[in-house]
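Undergrad: Pasting a structure here, questions to come.
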Amino acid sequence: MSDRLFSVKDQVVLVTGGSRGIGKELALAFASRNAHVIIAGRHKQTLDEAATEISTPSNQVTAEICDISRTDDVDALIESVISRHGRIDTLINVAGINKRMKAESYTAEEYDSITNINAKGVWLTTQAVGREMIPQGSGAIINVDSLNTYAPLRGTTPYAMSKASVLMMTRGLANEWGRHGIRVNSIAPGFILTDLTKKVWADETMQEWGNINTPLGRLGTVSDLIGAAIFLASSASQFMSGQTLRVDGGFTAGINWPIEL
């Protein structure tokens, strides 16, 4: 019973930003549980390398080139997935970019580069997948949000704004598409060690700050997100929609101060 409850076997799962970092590890997690996984991204070489690494002789992962900020790319991606598999059971929106600088220093182009992917691109992809899920009468959409939505870090205001829009999209579409059997939820990771963030956390001062301010006493790893994603994609969360799972080691639960009890 418990195995079936958390099963994603034979699901058709589309992961954007699936060539590296969180997206790649989630793709691997689903593929290893016998889901049919498609990874999408902008860079062919890294996509192909990731697909080769994740694939097994009995379960081949498909790589699709797609710039999610471009409507034509998104439409072509969804058409390809549907033509090959006939449906999409789960969409995992991981693709995103971030920049860190003083708020007064952002150019309009830098602002657009963030929002075009994190807000517009996630919307376009979700909208296109929703058009397929509605006639199916079922589907799970999992958005990777950010703790910046709840506690913006200095230098990341445009990023926080873009991720806040994902939170509202999660709630809005859960409300609008629930009658079609579509569940829309999100995961808000805390400080996660990935290839993209390891440079930041290589600094001992930063590591100490992260460990001290995370109640569980450590930085997260991508494997810490797998359980939440499997849960939200499976029937274990069949009556859950419009919610955000904060996988942050308790970071947003409160503020640590330098007084010992």
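Here, each number is a calculation from the coordinates, and none is a lab measurement. These numbers come from a predicted model, not from an experiment. We place every Cβ from the backbone using ideal geometry, glycine too, and count neighbours over all the protein chains shown.
Undergrad: Taking the Cα centre of each part, how many Å lie between the stretch 126-151 and the stretch 208-261?
TA: Centre-to-centre distance over Cα atoms comes out at 20 Å.
Undergrad: Would you mind computing, in nm to one decimal, how far apart the modelled labels at Asn34 and Asn256 are, each placed 7 Å from Cα along Cα→Cβ?
TA: Rounded to a tenth, the inter-label distance reads 4.2 nm.
Undergrad: Short version: ³J(HN,Hα) in whole Hz for each residue of the stretch 244-258, in order, from phi by Karplus 6.51 cos²θ - 1.76 cosθ + 1.60 (θ = phi - 60°), x for Gly and Pro, what are they?
TA: 10, 8, 8, 9, 9, x, x, 4, 8, 6, x, 10, 7, 10, x
Undergrad: So, with +1 on the Cβ of K and R and -1 on the Cβ of D and E, and no other charges, what is the size of the charge dipole of the stretch 120-245 about its Cα centre, to the nearest 20 debye?
TA: Rounded to the nearest 20 debye, it is 340 debye.
Undergrad: Shifting gears a bit: Using a Gaussian network for the chain with springs between C-alpha atoms less than 10 Å apart, which of these wobbles most: Leu196, Leu219, Leu124?
TA: Answer for the Gaussian network model of the chain: Leu196.
Undergrad: Quick query: amide H of Ile97 versus all other amide H atoms, modeled in the peptide plane; which residues come in under 5 Å with a sequence gap of 5 or more or a different chain?
TA: Answer set, sorted by chain and number: Asn118.
Undergrad: What order do you get for Phe6, Phe231 when you list them from fewest to most C-beta neighbours inside 10 Å?
TA: Phe6, Phe231
Undergrad: Here's another thing I want to ask about it. Any chance you could run the full-extension gain for Gln60 through Glu176? It's 0.36 nm times the residue separation minus the Cα-Cα distance, nm to one decimal.
TA: 38.3 nm is the gain from fully extending Gln60 to Glu176.
Undergrad: Go through Asn185, Val81, Thr62 and say which Cα lies farthest out towards the positive end of the charge dipole of the stretch 2-249; charges sit on Cβ, +1 for Lys and Arg, -1 for Asp and Glu.
TA: With unit charges placed on the Cβ atoms, the residue in question is Asn185.
Undergrad: Suppose every Lys and Arg Cβ carries +1 and every Asp and Glu Cβ carries -1, with no other charges. What dipole size does the stretch 1-146 come out with about its Cα centre, to the nearest 20 debye?
TA: Using Cβ point charges on Lys, Arg, Asp and Glu, the stretch 1-146 gives about 300 debye.
Undergrad: Given the options Gly155, Gly139, Gly220, state which has the largest fluctuation in a GNM of the chain using a 10 Å cut-off (strictly under) for Cα springs.
TA: Largest GNM mean-square fluctuation: Gly155.
Undergrad: Moving to a separate point now. Could you give each residue of the stretch 154-165 its phi-based ³J(HN,Hα) in whole Hz, using Karplus coefficients 6.51, -1.76, 1.60 with θ = phi - 60°, and x for Gly or Pro?
TA: Working through the residues one at a time gives 4, x, 10, 4, x, 4, 4, 4, 5, 6, 5, 5 Hz.
Undergrad: With unit charges on the beta carbon (Lys/Arg positive, Asp/Glu negative), name the residue among Val222, Ser162, Ser237 whose Cα is farthest towards the positive pole of the charge dipole of the stretch 105-261.
TA: Ser237
Undergrad: Can you list the residues, at least 5 places off or on another chain, whose amide H is less than 5 Å from the amide H of His36, using H built in the peptide plane?
TA: Amide H neighbours of His36: Asp10, Gln11, Val12, Val13.
Undergrad: Given charges of +1 on the Cβ of Lys and Arg and -1 on the Cβ of Asp and Glu, with all other atoms neutral, how large is the dipole of the stretch 2-249 about its Cα centre, in debye to the nearest 20?
TA: That gives a dipole near 460 debye.
Undergrad: Same structure again: With springs only between Cα atoms under 10 Å, which of Asp224, Asp203, Asp248 fluctuates most in a Gaussian network model of the chain?
TA: Asp203
Undergrad: Arranged by the count of other C-beta atoms within 10 angstrom, fewest first, what order do Trp123, Trp209, Trp257 take?
TA: Trp257, Trp209, Trp123
Undergrad: Now, a different point. How many nm is it between the label spots at Leu216 and Lys102, if each spot is 7 Å from the Cα in line with the beta carbon?
TA: 3.7
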